[in-house]
Protein chains: 2
Amino acid sequence: MDVIVQKYGGSSLADPAKVKLVARRIARTQERGVGVVAVCSAMGDTTDDLLLLAHQITSRPDTRELDVLLSTGEMISCSLVAMALEAEGCRAVSLTGLQAGIQTESSFGRARIAAVEPTRILEELNKGKVVVVAGFQGVTDGRDITTLGRGGSDTSAVALAAALSALRCEIYTDVGGIYTADPRIVPTARKIDEIDYQEMLELASMGAKMQPRSIELGALYEVPIEVSSTFTEVQGTLIHGGGSMEVRNRVRGIAYDLNVAKITVRRVPDQPGIAASYFEALASKGISVDTIVQNTSKEGLTDLSFTVARTDLPLALEQVVAESGNSGGEEVIHDASLGKVSIVGTGMRNAPGFASRMFRSLADSEINIDMITTSEIRITCIINESLIPKAVQVLHDAFVLDNEEGEI
Amino acid sequence: MDVIVQKYGGSSLADPAKVKLVARRIARTQERGVGVVAVCSAMGDTTDDLLLLAHQITSRPDTRELDVLLSTGEMISCSLVAMALEAEGCRAVSLTGLQAGIQTESSFGRARIAAVEPTRILEELNKGKVVVVAGFQGVTDGRDITTLGRGGSDTSAVALAAALSALRCEIYTDVGGIYTADPRIVPTARKIDEIDYQEMLELASMGAKMQPRSIELGALYEVPIEVSSTFTEVQGTLIHGGGSMEVRNRVRGIAYDLNVAKITVRRVPDQPGIAASYFEALASKGISVDTIVQNTSKEGLTDLSFTVARTDLPLALEQVVAESGNSGGEEVIHDASLGKVSIVGTGMRNAPGFASRMFRSLADSEINIDMITTSEIRITCIINESLIPKAVQVLHDAFVLDNEEGEI
């Protein structure tokens, strides 16, 4: 049976009326003769409401219990979507992460999918049912409930599409596609028709609204991902591996991320293994470190700076302060008012001049750059978060992204 | 290890502040050196709110999906209680019905517990943790989520107490015990210090606020059940098997139930097997039939009346109308405005005069009796629901229940 995986985000399921509209779209897809697996996020602000509830109990909720709590949001939306489908005469069954066979590692709140065992899903598809799967959640070997982190439903959907060898994974959102920049900041931002996995991965990693792991998985298993609008039939964006017709020697999009904090350890002994011991301490808590800068050594001491997600800052500071006791380091300071702005495009790989144009444009607008990090197809500047909207607009203009022909 | 099972109802967990108070009570119990398993209901009106949500999707929600939806209420309260315990420094873990090993039959919405496999619970108790178990829910052989019906958390708690050979099962409520009648109707109702399983079973079956199956299980496995107040230290009611010191030749309590509907099938062929086929059709849908009355036959035809829970009326009518097509029966009529009032007491077993005093008291107050049903230790009258409060008060007075010496 040909299978299509569809993923519906929280804003597409914000109230009972929208749940019914989503059910109708799912039913229409099934009527075309394909098996449908629908992955749902929690309705509207449910996840934030549950987080608030947890914080009314304690300022530092136990991470295992927080995952039990948050996982209920997707169970609610999935059961309602399945009810709406049944009420329409379309046979359906909702499955939790456990029932759907989504097995994860045990790092609560940010678990990675270890394997998908879709036995139950296939059974239900073979009975002719639509299978509605709770996104964002999985289960450890010990059957503890885990969640996959913000945007985790995207990853659930792509992982299921891979495990089921689905024709494609359709991601439905209220935005309806991938844009050259956030349209709320840049009104002239243009929807991108197609983009390859690598470019999308860089955009997503730098703040575009998809979980980067979902794109990694899509690339690894060659799952075509289509990002579309839930409630219109307007064409969205296709993320795929084949060289895009649209790719030319240019920047594809501007991404930004406000979830950035910088930690600096002053006067660390400049010895082999010291930086490693700091980053090992952070990794042991599942904290990803992004940009790292180490200054030239003076008198055998150096300053070590790096960025982490702002949401990880309290836990990261705890680790770093403890490690400075072990490894040396005179003072730990931090700055939680930073943001990242990035230009992304495979066209940058072999062409010079992109970095200088980026830095010059920001300088002309009096935007000071705090740190810089690059990949083959991306340049990222870390700046004050209050300047992010201005920087995004300036760079969108500098690389002429509102024009389909771009800057060349 | 000595284990105590505690059950906390929804009104005891209505908001974060109450959740923290419940956690403190649990922690205090554990400090006395016993293992604690805390079974929690959904917070406050959560279950009703979820039902409302389902009914905004469809007037007849799929029962499997409804159970997935409703089961989230207990997951939320349990994770919050576990967080509150951890925040107090008391190690805790919340378990869903599946994780707690509560296996049920597959009749969604009213599943009976088939077995409890408390492996995980014992593991966690042995680690020194408080185990917080989601009440009201279980899982089928096929790992589908089920719920146990209204009051099901009582049954979860007693079943766990039985499986763990617990010292006792403590049921915490805002009422704080079992009364001779509902104190909201009869202000002079008296709290009962102890009562035996059989009497409590009759009271619960007739509307006292505990699930009758929990009492059956308690009797079967000889689990002492203590019903107490969550937020005070006032003595509650002990439900146990040993002959109660307090039992004398008297009525122990007045129960009532507003969840009653009557169905009458007019002019049914008076042949062997006809009544059976009606009740088999109802049983196949898991609908319990209560009082049954069959009138004397005229011309080979008879009227068959019986009561069902009012919440079962729509489904029951469907079955009965369909069956009247097969088995004969001219007309199906129903009345959803009925209630039950009962007097209960083991003292009634060998003493005459209770029935006549009951009927006389009701008649003196101009309360008309629609149907009558009795057990060895109970007499129940079905009357118009609007007359229930008056009837409860009249019978409480007639049997002098506000006086500890009672009516003898």
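Computed values, structure above
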read-out	value
Longest to shortest principal axis, alpha-carbon extents of the range B:262-337, angstrom	35, 25, 18
Percent RCO, i.e. relative contact order, over the range A:107-259, from Cα pairs under 8 Å lying at least 6 residues apart	24
Ratio of the Cα radius of gyration of the range B:314-360 to 2.2 N^0.38 Å, where N counts its residues	1.92
Degrees separating the helix A:212-221 axis from the principal Cα axis of chain A, which is the longest one	60
Cβ-based exposure ranking for B:VAL3, B:VAL234, B:VAL139, B:VAL158, in which fewest neighbours within 10 Å come first	B:VAL234, B:VAL3, B:VAL139, B:VAL158
Of A:LYS209/A:LYS262; A:LYS18/B:LYS209; A:LYS129/B:LYS7; A:LYS262/A:LYS285; B:LYS191/B:LYS340, pairs whose Cα-Cα distance is over 28 Å	A:LYS18/B:LYS209; A:LYS129/B:LYS7
Degrees separating the helix B:274-283 axis from the principal Cα axis of chain B, which is the longest one	20
Of every Cα-Cα pair in the range B:339-398, the percent that sits beyond 17 Å	30
Local electrostatic count, B:ARG190, Cβ distance below 10 Å [Lys/Arg +1, Asp/Glu -1]	-2
Number of partner chain Cβ atoms within 10 Å, mean per residue of B:50-61	5
Whole-Å semi-axes of the protein assembly as shown's equivalent ellipsoid (Cα gyration tensor)	61, 33, 20
Local electrostatic count at A:GLU86 - Lys and Arg +1, Asp and Glu -1, tallied over other residues with Cβ under 11 Å	+1
Exam field: A:ASP45 pseudo-label spacings to other copies (7 Å along Cα-Cβ), nanometres	1.9
Local net charge near A:LYS20, Cβ-Cβ under 15 Å (Lys/Arg +1, Asp/Glu -1)	0
DSSP-defined antiparallel bridges as percent of all bridges, the protein assembly as shown, nearest 5	60
Two-decimal Rg to Rh for the range B:307-408 - Kirkwood Rh, Cα set	1.09
Calculated label separations, B:GLN235, copies of the chain, 7 Å along the beta-carbon direction, nm	8.1
Pseudo-label separations to other copies for A:GLN294 - Cα-to-Cβ vector, 7 Å, nm	9.1
Normalised per residue, the volume of the convex hull around the Cα set of chain A (Å³)	151
Where only C-alpha atoms are counted, convex hull volume of the range B:220-306 per residue in Å³	215
For the range B:3-174, alpha-carbon Rg over 2.2 N^0.38 Å	0.97
Ratio of the Cα radius of gyration of the range B:200-242 to 2.2 N^0.38 Å, where N counts its residues	1.19
Rotation relating A and B, chain B residue nearest the axis via C-beta, angstrom	B:THR72, 2
Debye-sum result for the range A:108-259 in log10 I(q)/I(0), which assumes one identical scatterer on each alpha carbon, at q = 0.11, 0.18 Å⁻¹	-0.45, -1.12
Protection proxy ranking of A:30-36, A:130-136, A:141-147, A:363-369 - average other beta-carbon atoms within 10 Å, highest first	A:130-136, A:141-147, A:30-36, A:363-369
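Read the figures in this text as sums done on the coordinates, not as results from a lab. Here the structure is a predicted model, which means the values were calculated and not measured. Cβ atoms come from the backbone with ideal geometry, glycine included; neighbour counts cover every protein chain shown.
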